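Notes follow the structure.
The values are calculated or read from the model by the stated rules, or taken from the named source; none is laboratory data. Given the structure is predicted, the values throughout are model-derived calculations rather than measurements. Cβ placement follows ideal geometry from the backbone for every residue including glycine, while neighbour counts extend to all protein chains displayed.
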Amino acid sequence: MKPIRLMSSFFTVGVWTLLSRVLGFIREVMILSLIGPGPLMDAFVAAFRLPNMFRRFFAEGAFNAAFVPMFAKRLEGGEDAAAFAQNAFSGLFFIVTLLTGLGMVFMPALVWATAEGFSEDGRFDLTVGFGRIVFPYILFMSLSALFSGILNATGRFAVAAAAPVLLNIFVIGALTLGALTDGDAINWLIWAIPLAGVAQLTLTWRAAAQAGFSLRPKRPRWNRDMRDLVVIALPAALASGVMQINLVVGQLVASQYENAVSWLFAADRLYQLPLGVVGIAVGIVLLPDLSRRLRAGDDAGAQTALSRAAEISLALTIPSAVALIVIPLTLVSVLFERGASGTDDSAAIATAVMIYGLGLPAFVLQKIIQPLYFAREDTRRPFYFALVAMVVNAALAVGLSPYVGWLAPAIAATVAGWAMYALLALGARGFGDAAKVDARFRRRIWRIIAASLVMGVALWFFNIQLSTLMAVPWWRALGLTILLGIGAVAYFGAGQALGAFKLSEFKSALRRGGS
């Protein structure tokens, strides 16, 4: 069995995720430029959110939270992991195919439930039409996620991490063709999504077959393994359901305001870059690693894995959060302000970006702590914690909207994120030494924060100095590149001087990642 090397695997996933997020930026820039905030983009965002919401249940969410630890333990113990995977695949295929059919039939009800504010104008019919085209993406994405879970559990992270890149490649290609042929950009965009899902499924399916797990749709069999899988997955599914309620509440509030759905979507894309590269990458690698270490009784190894994951995550996340808080308007205006997206849009998006930046560390910390529960097949308590976070989110999103308007969902999401992290951290105290960070992490975390503050001051000062350069349209990208370069030098220089980290550690991890 192929061993999992935590740091090199993290960098493998991180690099591919970074590529996906960079291409995602290009995708969002093109969408904002060719379509722009307004009814069409609002309808697209609401439609595309539907398969993404259900993906939290059947893709990287609840199903994989149960499947990956169970599969990894069977792999570790020399049990019949292939038969377990085959039956899980067959069951997932049946359930998600049924869900896809029902979703397409009852699409008007789904749109009304998630964007009720659209029912008073033309956005409702647009969203229903778009939703019926993109909803089958959930089938392809869910099956692809199962194969990705198999690959991750066997220590083969590259293909699984590369698969999401295909969505951005397909969308960018479609939008480019639409622009070159003077076609309707929104139609090219909508049809590219299910085609990208087919490509992602094909890639991961073939990679899993090459790893020795060639799975085909068969009649699912109800047995003890499937019962255990459902028992473990159900609380995680309920927890994911609670999280989706948070998104729905936010979208319901935003749908009452013109362009707000588009603005929040663009802001979400920006803060998702560090969240995806760091938090999700670490979570993907950490879950199978912890599952196998706990199965082997290696509590010391589990503690080391958790500590290094937290250390590298926060060393990259905290400075990212500081940048989102200190220079949000500069980031947004350079990245998104062109074509159909104007200065008012940039100002609105930047405000939401700053609010999301305050919650970024909490969202990443959740990705680190949750595997402690899932590796022990404990999905119940995260569900209870998510219920509390849901109440916090809903109360703030609805309660604050009369006072702060469309920004209420962003504030609510940030506060609920910190509440969820606090509950997860308190609940993990009973897991023993394996759930505690080591002395090295405790020494370094405060130095990481100090280095991030030094970087924040440098960004604030040089943002003012470079404002004249970035006011010239053709030089804005160069100005932002210089500014971010100064920030990176300030952060890594201060971090090295303060002992927050050693640059040699990053270099050695990168070398191992490429080996």
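Out of region 448-466, which residues are without any contact (Cβ under 8 Å) to a residue 60 or more places away in the chain and in a helix (DSSP H, G or I)? Correct list: 450, 454, 457, 458, 461, 462, 464, 465. Selection of region 166-221 for residues being among the hydroxyl-bearing types (Ser, Thr, Tyr) and either surrounded by 20 or more Cβ atoms within 10 Å (Cβ to Cβ) or at pLDDT 90 or above (or both) yields 176, 202, 204.
Residues of region 471-507 that are under 27 Å from the mean Cα position of the chain (by Cα), within 17 Å of residue 329 (Cβ to Cβ) and modelled with pLDDT under 85: 477 alone. Looking at residue 137 and the list (1) in contact with a Ser or Thr (Cβ under 8 Å, 6 or more places away or on another chain); (2) closer than 13 Å to residue 51 by Cβ, which single condition is not satisfied? Residue 137 satisfies all of (1) in contact with a Ser or Thr (Cβ under 8 Å, 6 or more places away or on another chain); (2) closer than 13 Å to residue 51 by Cβ except (1).
When the criteria are applied in full, residue 424 fails the requirement of being farther than 30 Å from residue 254 by Cα, out of contact with any strand residue (DSSP E or B) (no Cβ under 6 Å at 6 or more places or on another chain) and not small (Gly, Ala, Ser). So for region 153-169 (the condition being among the β-branched types (Val, Ile, Thr), closer than 25 Å to residue 374 by Cβ and out of contact with any strand residue (DSSP E or B) (no Cβ under 6 Å at 6 or more places or on another chain)), does at least one residue qualify? Yes: one or more hits. Whether a residue is surrounded by fewer than 22 Cβ atoms within 10 Å (Cβ to Cβ), touching a residue at least 24 places away in the same chain (Cβ under 8 Å) and assigned by TED's automatic domain parsing to the domain that holds residue 24 was assessed, and residue 131 does not pass this test.
When the residues of region 350-402 are filtered to those that are at pLDDT 85 or above and aromatic (Phe, Trp, Tyr), the one that is surrounded by the fewest Cβ atoms within 10 Å (Cβ to Cβ) is 384.
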